[in-house]
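The values are calculated or read from the model by the stated rules, or taken from the named source; none is laboratory data. Note that the structure is a prediction, hence the values are computed from the model and not measured. Quick reminder, even Gly has a Cβ in these numbers, built from the backbone with ideal geometry, and neighbours come from all protein chains shown. For the accessible areas, the whole protein counts, side chains as well, though only heavy atoms, and no ligand, DNA or RNA atoms are used. Shrake-Rupley method; radii C 1.70, N 1.55, O 1.52, S 1.80 Å.
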Amino acid sequence: MWQRLIKKIDSLNELSRLQKILLIIALLGFIFSLFYNIYYLPKKEKIQNLQKEIEQLDQEIVRYEAIARKEKDLERILIQRRIFLQKVQEMLPTEKEIPVLLNHISKLGRSQGLKIIKFVPTAEIEKNYYHEIPIQVEMITTFPKVFLFFNDLLNLPRIVDLSNAEFIPQEKNKILVKCNLKTFKYTGIELKSSKR
């Protein structure tokens, strides 16, 4: 085997200079081809695959960051809604609190020196998430006392609306006040729309 190799190397010496250059170029081309096919191409494909994975991961990161931002926004909105609902529940009494509120309004009027002739809650009017409770009120009093009573109503923590106040003069600086009060009861129930 070594002898054959030595003979082939000796036979190379007999080649012309041009043939030797072409042989070296062919040998280098063969070596480069081996390098390119065995080492470079697989590495290049691996790099391209890694770049695609990186791009996909970047896209996923962007998507998850957007989801995280939305989640934070939704969480912030949920906290705001809970605070709003708590305020609404503080301003609008529940079913159990209505008799207490009505009793409180009646006592408030008597404590201001009003002679309450009529204090009648009427049928509730259903609305989305709450009911209106109209109250017909008639009382005999003086102007200063009725205005103090109305001011006290305005300062109640619960919402009490005053409408249609009618003042009818009576004897001895007294007036008959006929008015409609309206308070609201929180139900949390959305009315079903008749339209689909």
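Any chance you could look up the accessible area of S111 with a 1.4 Å probe, heavy atoms only, rounded to 10 Å²?
Roughly 90 Å² of S111 is accessible to a 1.4 Å probe.
Can you tell me which of 119-128, 143-152 comes out highest on packing, and rank the rest after it, using the mean Cβ neighbours within 10 Å? Working shown, then result.
Values: 119-128: 12.6, 143-152: 15.7.
Packing proxy ranking, top to bottom: 143-152, 119-128.
Counting heavy atoms of the protein chains only and a 1.4 Å probe, report the per residue accessible area for the stretch 37-196 as a whole number of Å².
Values: 12150 Å² over 160 residues.
Accessible area per residue, the stretch 37-196: 76 Å².
In terms of modelled amide H atoms, which long-range or inter-chain residues lie less than 5 Å from the amide H of T187?
Distant-sequence amide H within range of T187: Y130, H131.
In whole Å, what are the Cα extents of the stretch 95-196 along the three principal axes, biggest one first?
Each principal axis gives a Cα extent; for the stretch 95-196 these are 59, 24, 19 Å.
Tell me which residues come under 5 Å, amide H to amide H, from K127 once H is placed; ignore anything under 5 positions away on its chain.
Long-range HN contacts for K127: E132.
In degrees from 0 to 90, rounded to the nearest 10, what is the angle of the helix 143-154 Cα long axis to the longest principal axis of the chain?
Roughly 20 degrees between the two axes.
Using alpha-carbon pairs under 8 Å, 6+ residues apart, how would you state the relative contact order of the chain in percent?
On the way: 195 pairs, mean separation 36.2, N = 196.
In percent, rounded to a whole number, it is 18.
Based on the inverse mean of 1/r over its pairs of different Cα atoms, what is the Kirkwood hydrodynamic radius of the stretch 19-127, in Å?
23.0
For the chain, what is Rg from Cα atoms divided by 2.2 N^0.38 Å, rounded to two decimals?
Working it through for the chain, the quotient is 2.84.
Once neighbouring chains are kept in place and the probe is 1.4 Å, which whole percent of the accessible area of the chain is contributed by carbon and sulfur?
On the chain, the fraction of accessible area on carbon and sulfur atoms equals 59 percent.
Starting at the first residue of the stretch 59-69, write each ³J(HN,Hα) from the Karplus equation 6.51 cos²θ - 1.76 cosθ + 1.60 with θ = phi - 60°, in whole Hz, x for Gly and Pro.
For the stretch 59-69, the Karplus curve yields 5, 5, 4, 4, 5, 5, 5, 5, 5, 5, 5 Hz.
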